[in-house]
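Asks: The structure's right below; bear with me while I get my questions together.
The values are calculated or read from the model by the stated rules, or taken from the named source; none is laboratory data. Quick caveat, the model's predicted, so the values are computed rather than measured. Please note: Cβ atoms are built from the backbone with ideal geometry, for glycine as well, and neighbour counts cover all protein chains shown.
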Amino acid sequence: MSYLLDKDVDVWVREKAELFAYSDGTEVEKRLLRAVQSSADRSVFSSELQEHIIDWASEYHFSKSRHCLLRPLGIQPGDKVLELGCGCGALTRYLGELGASVVAVEGSIHRAAIASARCSDLDNVAVYCDDLTQFECGEKFDWVLLIGVAEYAPVFCDAEDPVKVYLESASAHAAVSGSVVVAIENQLGLKYLNGCKEDHLGEEFFGVQDFYGAGTPVTFGRLELEGKLRALGFESLNLYYPFPDYKVPNVIVADSALANEQFRVSDLLVGAQARDYAGSRLRSFDEGLVYPVLERNHLIGDLSNSFLMVASNAPEENGDKAFLAASYAVNRAADFVTETRFLDSAESGIVVKKYCLVNNCSDNPSYDLGANILTHKVYHSPYIIGRQMAVSLFKVRYAAKSTQSLVDGLISWFSFLYSHAFFSGDEGRNERQGASFFLPGEFVDCTPLNLIEKSGAEIEYIDREWVCRDPVALGWVACRGVLSALQVGVSKRGADMDTLVDIVTALFMRINVEVSARDVESWAKQEAEFQSLVRYGALADSNAVGASQLFGGGGIRFAFEEVPSLDASLLAEQAIVRGLENELQVMQGTRSWRMTAPLRRLSSVVASSRQRLRRPLVVSAALMKLRLVQRKLQYSLVNEWSGARNGGVIAHFARERVKAAGVVVGRHFDNNIEWPDIDVSVLLYNSKKWIEPFFLSLREQQYPLDRINLYIVDHGSTDGTLEALADIERQMGREFSSWKILQQPNKGFGAGHDLAISEGSSPLFLVTNPDLQFDRHSIVHLVRRALSDEDSVASWECRQKPYEHPKYYDPVSMEVSWSSHACILIRRSAYDSVGGYEKKIFMYGEDVELSYRFRARGFKLRYCPQSVVWHYSYEEERQIKPLQHYGSILSNLYIRARFGNFKDIALMLPLILTLFLRPSAFPGAKRGYVSLLLSLVKNLPRFFATREAKSGFFPFRYWDYEMNREGAFHSLGSLPDVCPRVSIVVRTMEGREIFLRQALKSILNQTYPNVEIVVAQDGGDSVGSIVDGFSAKSGVPVQFLGLPKGGRSVAGNSGLDAATGDYLMFLDDDDLLFADHIEVIMCQILERDDIEAAYALAWEVFTTKSDESPNCYVESIIQTAPSHRQPFDRSLILEQNYIPIQAIIFSRKLYESAGGFNTSLDYLEDWNLWMRYAHIADFGYIEKTTSLYRTPAELVIRQGRQVLLDNSYQEAKCNGIDMINANPKTKYHIAGVTS
């Protein structure tokens, strides 16, 4: 055996090994490796790795379910295991954690590197890269695994029977008493008969019709696969059937269970619906309803979707003979992950044993659930013979044509619940109100899935895993049961699907009890809180749960006959791309490729030289190289710090944006509402000069002062602050609802506000600095937004002027990853639930830490830019304040310790070293760093000991936290009382509704008060209903133009013709505006008499449409293109377009003088327009990021687009010059230039 350790990836490789081509795609594997390397926790149940699941490839390799396949086999600590084809190490990791001695072999060096990284902390795991049939080892193994490998044998082996070669090779490594384990898809699996595409080749009915051929993956039916394994000469063969398949199993059934007449296998399978990994959700039937029929005819094994077969020469040691089946609940928080085993013995019959897989919960631990206490019970019990009630319910649900027929199916379960309920007349309730009925706490889990119908109509309640200390609402358990029973499987019902409110209301009506939609929504909220605890996930929107359609899973095929399916063509294209990547990977590893490298480099040099010679020599070669290096450096920094370091936040905001775009104004807000009481917390320390202007601006608020309770904390001021405060109290104290002054030693920002907040009781409170002044409507805007927002939102942050905080927020949902607490409205219930500010952070950074803690507990944070405060934190631009400098450094390190991933924590020491190595931020700064280190040593263990569960994304960016939009010190003044109208022309077309909704919502979020929207659809009027609905709800003037197909230029010109504004701009449907975009640009236009247009910086967002759905997409890298970072230059705009189309606003005078787009141009029509306008008037330039535009992330698509633009360049430029010189209103002619 001749293997060398490749220390770069910690993988053993054979000398001169040929590359193995199986891959999920190079880019995918790079992403998977980055995900593993960035995760501190790489275990089987890692929540960090769960956050990186964004597609099927990442789910396959990071799913918590994957390892369950091996649990029933009885592999023991110390067993010697050989895993052939370990992939990215999902099973390898489990075997290593189990304590086995593991040798894992993978043919792809990239996947082997990922597997090695996944197991880097396990000394009992060694990873090799080699051909699986050529692997050499001087020892024999207790277990040899071929999991998801045998089916690919024909792809990588040219033998007459390649599967036999692989099986024989594996068996050769097994010890005399060892076992060979094979997992593979069933060629005749039920999912493939139900229309799911063949897993490897992506075609319907490919395997069941036996279209496999030479060089393609292959699968087998049960008898055929058994024959291949028995031919190896093993004495015994044990069969297991994983459901829904071996890739992500949640149920595993032994062959012996299928012959046990006392055991109903089909009851375990009602929820094990198979997935089509090509993404289609269309099905011909409900598999859960088919399994009982298969069971009666002994066909479950033959039609299972996958096989797990164990061949051995030691049958007495091969598996647990009592084992019948196991089910797994692993997609939960670690405390609640369980395995339920069904065991048969001659002495006691069938018993059910439930185990915790992570923590020892034999003591039945308890947890706070609202005002109740929830206990997680793990215990053993006898198996109850009978039929699961859910099966009959699923039949009714499948064929139900109305709400009442659904209720007919549910009523036997609900009647059982009601028979155990009791009436409570507290709070004036009566027996006709559903909220008056309660169940004993042990009935929390009494859903149709946990009721067994025994002979004689007797009903048995099983699996009481969750128990509450106190009684629980009957309505909550009803909601749990409806949700668990009706969101599994398939329904024939069409568009008029029922909601949770519909079903629960109808159920209570059957017992002559009334419930309201508000009752159901409150119970749905309880369920959301329960799920949040069990899954450590964000609280669901209970209102959405109440109103959502209940039927999950797939739809019946005939209900979607008219829906055009592009799945097959899309999958084919993806397969082609993957195949080309694999071929390229193999080719680049060959000797001939390496030998011809000099020739390729020479050819590249010649080609590039020819291209340069064709161009005029404008600058020196040295300067060209310098610019190239500069741009590459800028791009790499943007990619690392703005994109890669914030990938989780970008992805989260993109998902939330899709939801927010469909909600024009949020919940209905009643303008006649009685404003609620709010508490205002003000912290003072030597703040005398701010007292009068602060309180005078508070006094001028449009919010009723008799609803404001003031709690003012002084931290030992010595400059006359208290005396000034007493004067102000005498002037205006009685105008507020209450005014209380508190004093304590200076304990820091958070401790001061904690004291003030503890004195109040209002559901909303305002935390504010005294060194600011409010606009008159600041508090009204905040409270209005809070009252109309989701319950899961914890805070609403004001916009600061003259310098807006530059951190990134989503321009559609207005969600932020952290909030500045200079002035912010907070929900008290959220604040109480997380415990207030962090006591160990004295000043600066406490707002980030509390924000991250809010998000870790499932809350959202909003930015409210309409609410403005004038914050005078800086006396001059880029001012460095020592206290802020030191405090920010210390808090950043603390927050990294509590919320950071492995990489964030690993960077702490290098960051500290840079403080001493770089030039001082101010004189004497480095002396202060020493005292910082002492504080760090003292307090850092506390932050490590209180690490938060990472249910969100917590970005860190050097000493900062989030991507920053440029323009932190762009000073913004006030708008005039009457603002000229700005018309926004939105160009769109059919099929882009998801982007259009977002674009419109970003306009609605604008802080500029006078806008008009003109939506011009090129080729039809299909989006008219969307625009009409938006117009009706938003109150913004909107015009819709449904146009014949004429191209983008025609649509844009039609919009300009219809616009009525004094100023005009474009917003293509896939572009977005930050909330102050129009305000920032119009401020400059209105302040300057020498310009007729102005533009600002814009982000370019690399975007990939999702394979899952046309309504989903992935945003990856965000950057400001270097070419767009350009002040106005009239001569340069003739050479390149440095103004994105949505980034500029121009006066109607320019349009009237030079017209609109040239309709003969298919591309670069905007550049052509800007060069014409630029030769009539000057433009203003604002170095602040106020908008974003999306471009394809895929390199191939980007290159194709660039070719089109390059081919259009000369035409657009020459046409522009001709039109400039021909226009009598041109002010700056281009002398001596002709086209």
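Asks: Checking the conditions here, which among PHE922, PHE954 is at pLDDT below 80 and either in the same structural domain as LYS840 (by TED's automatic domain parsing) or surrounded by 16 or more Cβ atoms within 10 Å (Cβ to Cβ) (or both)?
Replies: PHE954
Asks: Taking the options ALA126, ALA150, ALA113, name whichever one is buried (at least 24 other Cβ atoms within 10 Å of the Cβ) and under 24 Å from ALA172 (Cα atoms).
Replies: ALA150
Asks: Continuing with the same structure: Any idea how many residues of segment 1208-1235 are in contact (Cβ under 8 Å) with a residue 12 or more places away in the chain, of a type in the set (A, V, I, L, M) and part of a helix (DSSP H, G or I)?
Replies: Qualifying residue count for the region: 4.
Asks: Now for a different question. Which one of the conditions (1) assigned to a helix (DSSP H, G or I); (2) surrounded by 14 or more Cβ atoms within 10 Å (Cβ to Cβ) does GLY279 fail to meet, given that it meets all the rest?
Replies: Checking GLY279 against (1) assigned to a helix (DSSP H, G or I); (2) surrounded by 14 or more Cβ atoms within 10 Å (Cβ to Cβ), the one that fails is (1).
Residues checked against (1) surrounded by fewer than 24 Cβ atoms within 10 Å (Cβ to Cβ); (2) under 20 Å from ALA311 (Cβ atoms):
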{"residue": "HIS61", "(1), (2)": "no, no"}
{"residue": "LEU73", "(1), (2)": "yes, yes"}
{"residue": "PRO77", "(1), (2)": "yes, no"}
{"residue": "CYS119", "(1), (2)": "no, no"}
{"residue": "THR133", "(1), (2)": "yes, yes"}
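Asks: Whether any residue in segment 1198-1207 is surrounded by fewer than 21 Cβ atoms within 10 Å (Cβ to Cβ), over 35 Å from the mean Cα position of the chain (by Cα) and in a helix (DSSP H, G or I) is what I want to check.
Replies: The first filter runs over segment 1198-1207 and keeps only residues surrounded by fewer than 21 Cβ atoms within 10 Å (Cβ to Cβ), leaving 1198-1207.
Among the residues that remain, those that are also over 35 Å from the mean Cα position of the chain (by Cα) are: 1206-1207.
Adding the requirement that they be in a helix (DSSP H, G or I) leaves 1206-1207.
Checked segment 1198-1207: at least one residue is surrounded by fewer than 21 Cβ atoms within 10 Å (Cβ to Cβ), over 35 Å from the mean Cα position of the chain (by Cα) and in a helix (DSSP H, G or I).
Asks: Scanning segment 163-211 for residues that are in a loop (DSSP other than H, G, I, E, B) and touching a Pro at 6+ places or on another chain (Cβ under 8 Å), which turns out surrounded by the fewest Cβ atoms within 10 Å (Cβ to Cβ)? Walk me through how you get there before you give the answer.
Replies: To start, the set of residues in segment 163-211 that are in a loop (DSSP other than H, G, I, E, B) comprises 172-173, 187-189, 194-196, 198-203, 205-211.
Among the residues that remain, those that are also touching a Pro at 6+ places or on another chain (Cβ under 8 Å) are: 200-201.
Details: HIS200: 19, LEU201: 16.
The qualifying residue surrounded by the fewest Cβ atoms within 10 Å (Cβ to Cβ) is LEU201.
Asks: Of these, THR505, THR499, which one is at pLDDT 85 or above and buried (at least 17 other Cβ atoms within 10 Å of the Cβ)?
Replies: THR505
Asks: Would you confirm whether any residue within segment 847-866 is part of a helix (DSSP H, G or I), aromatic (Phe, Trp, Tyr) and more than 25 Å from PHE695 (Cα to Cα)? Steps first, please.
Replies: Taking segment 847-866 as the starting set, the residues that turn out to be part of a helix (DSSP H, G or I) are 847-856.
So of that shortlist, the ones also aromatic (Phe, Trp, Tyr) come out as 852, 854.
From what's left, more than 25 Å from PHE695 (Cα to Cα): 852, 854.
Within segment 847-866, one or more residues are part of a helix (DSSP H, G or I), aromatic (Phe, Trp, Tyr) and more than 25 Å from PHE695 (Cα to Cα).
Asks: Related question: So which residues in segment 439-462 are part of a loop (DSSP other than H, G, I, E, B) and surrounded by 15 or more Cβ atoms within 10 Å (Cβ to Cβ)?
Replies: PRO440, VAL444, ASP445, CYS446, THR447, ILE462
Asks: Can you confirm whether THR1103 is crowded, with 16+ Cβ neighbours inside 10 Å, within 14 Å of ILE1182 (Cβ to Cβ) and modelled with pLDDT under 90? Before you say what the answer is, go through the steps one by one.
Replies: Working: crowded, with 16+ Cβ neighbours inside 10 Å: yes; within 14 Å of ILE1182 (Cβ to Cβ): no; modelled with pLDDT under 90: yes.
Spelling it out, it is not the case that THR1103 is crowded, with 16+ Cβ neighbours inside 10 Å, within 14 Å of ILE1182 (Cβ to Cβ) and modelled with pLDDT under 90.
Asks: Taking segment 23-63 only, how many residues are assigned to a loop (DSSP other than H, G, I, E, B) and among the charged types (D, E, K, R)?
Replies: 5
Asks: Another question, if that's okay. Answer with yes or no whether ARG927 is touching a residue at least 60 places away in the same chain (Cβ under 8 Å) and assigned to a helix (DSSP H, G or I).
Replies: no
Asks: Can you tell me which of GLY96, GLY87 is buried (at least 22 other Cβ atoms within 10 Å of the Cβ), touching a residue at least 12 places away in the same chain (Cβ under 8 Å) and in a loop (DSSP other than H, G, I, E, B)?
Replies: GLY87
Asks: Mind telling me which of the residues ALA400, ALA371 ends up being within 34 Å of the chain's Cα centre (by Cα) and of a type in the set (A, V, I, L, M, F, W, C)?
Replies: ALA371
Asks: From the list ILE1176, ILE1197, which one is among the β-branched types (Val, Ile, Thr), at pLDDT 95 or above and out of contact with any strand residue (DSSP E or B) (no Cβ under 8 Å at 6 or more places or on another chain)? Give the steps one after another, and end with the answer.
Replies: On the way: ILE1197 fails: at pLDDT 95 or above.
Going through ILE1176, ILE1197 in turn, the sole match is ILE1176.
Asks: A follow-up question, please. When PRO865 is evaluated against the numbered criteria (1) over 30 Å from LYS525 (Cα atoms); (2) modelled with pLDDT of 90 or more, which criterion, by number, is the only one it fails?
Replies: PRO865 satisfies all of (1) over 30 Å from LYS525 (Cα atoms); (2) modelled with pLDDT of 90 or more except (1).
Asks: For the list (1) in a loop (DSSP other than H, G, I, E, B); (2) over 15 Å from GLU1092 (Cα atoms); (3) under 41 Å from the mean Cα position of the chain (by Cα), I need the number of the one condition that GLN1142 fails.
Replies: (1)
Asks: Step by step: first the residues of segment 238-265, then only those that are surrounded by fewer than 21 Cβ atoms within 10 Å (Cβ to Cβ) and part of a helix (DSSP H, G or I), then the one that is nearest to the chain's Cα centre (by Cα). Which residue is that?
Replies: So, considering only residues that are surrounded by fewer than 21 Cβ atoms within 10 Å (Cβ to Cβ) and part of a helix (DSSP H, G or I), the one nearest to the chain's Cα centre (by Cα) is ASP255.
Asks: Next question. Hey, among SER819, SER833, which residue is surrounded by 21 or more Cβ atoms within 10 Å (Cβ to Cβ) and either at pLDDT 95 or above or under 22 Å from ILE678 (Cβ atoms) (or both)?
Replies: SER819
Asks: Still on this structure, please answer the following. If I ask for residues that are touching a helix residue (DSSP H, G or I) at 6+ places or on another chain (Cβ under 8 Å), within 16 Å of SER681 (Cα to Cα) and not small (Gly, Ala, Ser), which ones from segment 827-842 would you list?
Replies: Result: ARG827, ARG828, TYR831, TYR837.
Asks: Just one of the numbered conditions (1) in contact with a His (Cβ under 6 Å, 6 or more places away or on another chain); (2) at pLDDT below 90 is not true of LYS353; which one?
Replies: If we test LYS353 against (1) in contact with a His (Cβ under 6 Å, 6 or more places away or on another chain); (2) at pLDDT below 90, just (2) comes out false.
Asks: Let me ask you something else. Identify the single condition in (1) basic (Lys, Arg); (2) surrounded by fewer than 16 Cβ atoms within 10 Å (Cβ to Cβ); (3) in contact (Cβ under 8 Å) with a residue 24 or more places away in the chain that ARG784 does not satisfy, given that it satisfies every other one.
Replies: Status for ARG784: all satisfied but (2).
Asks: Test of understanding: among ASP1129, ASP1068, ASP1057, which residue is surrounded by fewer than 22 Cβ atoms within 10 Å (Cβ to Cβ) and assigned to a loop (DSSP other than H, G, I, E, B)?
Replies: Result of the check over ASP1129, ASP1068, ASP1057: ASP1129.
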